[in-house]
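Working notes for the structure below.
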Amino acid sequence: MKPLFHKVPTSIQSSFEVRHNKEPNFGKIWHYHPELELHYVIKGEGVRFIGDNISNFSSGELILLGENLPHTWRCHEEYYQNKKDLDVEAIVIQFLPDCLGKDFIHLPESFLIPKLFEKAKKGMIIHGKTREKVMEQMKKASHANHIDKLIILLNILKFLSETEEYTEITASHAFYQSNESDSIRLNRICSYTLSNYKREITLKEIAAFSNLSVTSFCRYFKLMTKKTYYDFLIEIRISHACRLLIENKIPTEMICFECGFNNVSNFYRHFKKVTGITPMEYKKRYLSN
């Protein structure tokens with residue numbers, strides 16, 4: 001999917017950005033920027049799109065994104081309905097690779113930092129004790145000034161560069177960049193799919209919605225996303241099935257139809273293809289953890 005370039009707001013008094021955001025939702029714009037981004041979700045739930053990966057997110061998630069890795073956090077639909085008691089909260093740190101000086105990453109003591117930045121190009125979900133340490137530092141960073149703020153960033157980079165407690169997010173770090181019209185069209189397609197995934201969406205319908213012929217739409221979508229629209233729709237449905245399995249409120253057979261699948265065997269087949277395990281195995285792993 002072609003993302004839209006995003007200009008990160010910066011201050012002349014700061015070499016990197018730290019924001020503690022409290023908003024109704026995280027927006028919907030699929031975008032990229034040259035800054036690395038450390039994203040800590042304090043509060044909020046939905047589906048995140050990072051590179052070629054579609055997954056659920058929830059409170060407590062900590063992710064490091066490399067430079068120019070396209071991403072968006074799309075909350076569940078209820079977050080866009082202006083409900084008073086429903087909002088999101090996150091601490092976000094954004095920094096250029098050379099924000100501490102062009103020579104910093106070439107110092108012999110900093111040899112792990114360039115390796116971290118290279119790993120971050122595929123996105124990293126941070127786990128375990130490292131996650132707890134970094135989240136604590138991010139909370140301090142949101143209130144820090146001057147040299148204290150720099151020391152905190154160095155601590156964060158130290159923890160992240162030394163850890164093995166992470167999972168890669170994407171299969172590749174090579175993604176298309178876009179003009180504004182491409183990004184707007186794909187954001188509309190994504191929003192439409194998230195609003196209608198529970199029912200059948202035909203290629204004719206989504207192509208007409210995109211003001212394209214079916215053939216042109218299929219070619220366009222595959223070029224932009226490296227996958228077919230049908231595969232994209234299946235991944236959206238499976239991500240919501242995972243959420244319902246974790247909530248453990250309704251039987252698996254009902255989840256199948258709630259997520260837009262027309263029969264149970266079809267649901268099981270697609271679930272295992274996307275996740276590598278069956279719905280029951282997925283639920284057991286989550287509940288055991």
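The values are calculated or read from the model by the stated rules, or taken from the named source; none is laboratory data. Being a predicted model, the structure only gives us computed values, none of them experimental. Every residue, glycine as well, gets a Cβ built from its backbone with ideal geometry; the counts of neighbours run over all protein chains shown. Please note that ligands, DNA and RNA were not included when accessible areas were found on the heavy atoms of the full protein model with its side chains. Shrake-Rupley method; radii C 1.70, N 1.55, O 1.52, S 1.80 Å.
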Where the second residue is modelled with pLDDT of 95 or more and not polar (S, T, N, Q) and the first is more than 23 Å from residue 59 (Cα to Cα) and lies in region 129-157, which pairs have Cβ atoms under 6 Å and are six or more apart or on separate chains?
144/152
If you check every pair at least six apart or on different chains, which have Cβ atoms under 7 Å apart with a residue in region 67-85 that is in contact (Cβ under 8 Å) with a residue 24 or more places away in the chain first and a residue that is polar (S, T, N, Q) and open to solvent by less than 60 Å² (accessible area, probe 1.4 Å) second?
75/25; 79/25; 80/25
Checked against (1) surrounded by fewer than 18 Cβ atoms within 10 Å (Cβ to Cβ); (2) more than 22 Å from the chain's Cα centre (by Cα); (3) touching a residue at least 60 places away in the same chain (Cβ under 8 Å), residue 171 satisfies every condition except (2)
Just give me the residues in region 87-125 being assigned to a loop (DSSP other than H, G, I, E, B), among the basic types (Lys, Arg) and surrounded by 13 or more Cβ atoms within 10 Å (Cβ to Cβ), in sequence order.
121, 122
For region 47-68, how many residues are at positive phi and either open to solvent by less than 50 Å² (accessible area, probe 1.4 Å) or acidic (Asp, Glu) (or both)?
2
Selection from region 216-253 of residues that are more than 23 Å from the chain's Cα centre (by Cα) and either open to solvent by less than 10 Å² (accessible area, probe 1.4 Å) or hydroxyl-bearing (Ser, Thr, Tyr) (or both)
216, 217, 252
If you check residue 281 against the conditions, is it of a type in the set (D, E, K, R), in contact with a helix residue (DSSP H, G or I) (Cβ under 9 Å, 6 or more places away or on another chain) and over 17 Å from residue 57 (Cα atoms)?
yes
Filter region 69-83 down to the residues that are outside any strand (DSSP E or B) and of a type outside the set (D, E, K, R), then identify the one that is most open to solvent (accessible area, probe 1.4 Å).
82
Of everything in region 254-289 that's open to solvent by less than 30 Å² (accessible area, probe 1.4 Å) and assigned to a loop (DSSP other than H, G, I, E, B), which residue is nearest to residue 201 (Cα to Cα)?
260
Go through 48, 19 for me and flag whichever is at pLDDT 85 or above, under 23 Å from residue 197 (Cα atoms) and in contact with a strand residue (DSSP E or B) (Cβ under 8 Å, 6 or more places away or on another chain).
48
Among helices (runs of 4 or more DSSP H) completely within region 126-214, the ones holding 2 or more residues that are modelled with pLDDT of 95 or more and in contact with a strand residue (DSSP E or B) (Cβ under 8 Å, 6 or more places away or on another chain) are 128-141, 146-162
Residues of region 237-251 satisfying the condition of being modelled with pLDDT under 90 and among the β-branched types (Val, Ile, Thr):
246, 250
Which condition number does residue 267 fail, the rest of (1) closer than 19 Å to residue 57 by Cβ; (2) modelled with pLDDT of 90 or more; (3) touching a helix residue (DSSP H, G or I) at 6+ places or on another chain (Cβ under 6 Å) being met?
(1)
